[in-house]
Every structure is written in C-alpha cells, then in structure tokens.
Amino acid sequence: MELVSLYDDEGHPSGETADRAQVRALNLRHAATAVVVRNHRGDVYVHRRTDTKDVYPGLYDFAAGGVVQAGEDPAESAVREVAEELGVTGVALEPIGEADYADEHVRYRAFCFTCTWDGPITWQPEEVAWGEWVSPRRVLAMLDELPFVPDSPAHLRGWLESVAGSTPGVQEPTPRPG
C-alpha cells in the first residue's frame, strides 16, 4: 500500500495520509511533481503515457512526475519520479514554480522543476509508450494538435512560452508518435 500525504488548500501538508487508491477514488487533495526534462540544445522530452495509466491514459505529456509519497519532500519525489519514468538520474533540479490543479480526476498542489539531461532516455514500460525530443516551440504547437494531459499545460504553459520565446530554432516537422 502506497501512502500519500494529503495537502490543505494553502498547499501545505495537512498531517493526514491516505493510500493512493483512496486518493484516486475520492479525488483527495495531495501533492505531485512535474519535471520538464531538457537537453543541452533546449529541446523538451515529450512522451505519451501508456494506455494502462490510472489517470489520463494514452495522453501526451511534456513533464515527468507523480504523486508525492507520505513523508517525502517534493524535490526528492521529483528526483525519484524522473528516474523511474525516464531513467534520468544524477541531475540537478531547478524549481520553476508551484501551482494548484483540480479537475474531475485529480486535485493537487504541483511542485514544478526542470533539469538538463543529455544521456539516454529509458522508459518505464508501465508508464511510457513513446517519446521524443522536441523544441519548445514545437511542443506549444503540439498542444493544439495532439491529446495532451490537461494539468501540465495548465501550470507550465507560461513557462514553456517563455522558454520558447528565448530559444532560437526552426519550426520542426511533426514527430510521428507511437
């Protein structure tokens, strides 16, 4: 059983915990991480979630991350999640903000980070079905072309627009997602 820290409306741990199944079933407010992985050229790693994910199956995302476990610091959770999902290890995370998100599936406080990684990407087979490096400008265009998770664009679109505006590059062809 995976215990999750519950969060209050101000974005702080409430001191209560629940198992992950309860958090999902009751849409309890918790914390989650989002890590945008970039390479030295500034490209963003975009991936498609597997069709078996419990939330937003089969949708595209430009951030790796997940639920903060009970007693876990959000930055520690982000390091753990990006290693599990994409095989990205030993990187320095740069905080890029916090945000609240809620819909009919999830309700959480997001702790957002970015990192630079030029090593190989190793997908966690239960979580990632496809992925590719894409320029920030192209990611912004893809948001209107492909079915993306709603939460990452909700709390990271402004950051992505800022990065895209400062990243020189040519419009790329659309990647052929798997």
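Here, each number is a calculation from the coordinates, and none is a lab measurement. A quick note: this is a predicted structure, and the numbers were derived from the prediction, not measured. Virtual Cβ from ideal backbone geometry, glycine too; neighbours counted across all protein chains shown.
Overview of results
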| item | result |
| --- | --- |
| Hits in the range 8-47 - residues which are surrounded by fewer than 22 Cβ atoms within 10 Å (Cβ to Cβ) and under 20 Å from residue 149 (Cβ atoms) | 20, 24, 25, 27, 28, 29, 38, 43 |
| Residues of the range 96-145 classified as polar (S, T, N, Q) and either in contact with a Phe, Trp or Tyr (Cβ under 9 Å, 6 or more places away or on another chain) or assigned to a strand (DSSP E or B) (or both), total | 2 |
| Test result for residue 56, in contact (Cβ under 8 Å) with a residue 60 or more places away in the chain, out of contact with any helix residue (DSSP H, G or I) (no Cβ under 7 Å at 6 or more places or on another chain), surrounded by 18 or more Cβ atoms within 10 Å (Cβ to Cβ) and assigned to a loop (DSSP other than H, G, I, E, B) | yes |
| Restricting the range 1-34 to residues that are small (Gly, Ala, Ser) and touching a residue at least 24 places away in the same chain (Cβ under 8 Å), the residue that is farthest from residue 98 (Cα to Cα) | 5 |
| Residue list for the range 78-106, restricted to those being in contact with a helix residue (DSSP H, G or I) (Cβ under 8 Å, 6 or more places away or on another chain) and within 14 Å of residue 122 (Cα to Cα) | 88, 89 |
| Selection count, the range 59-83, where residues are in a helix (DSSP H, G or I), among the charged types (D, E, K, R) and crowded, with 18+ Cβ neighbours inside 10 Å | 1 |
| Candidate set: the range 57-112, residues that are β-branched (Val, Ile, Thr) and touching a strand residue (DSSP E or B) at 6+ places or on another chain (Cβ under 8 Å); chosen: the one nearest to residue 128 (Cα to Cα) | 82 |
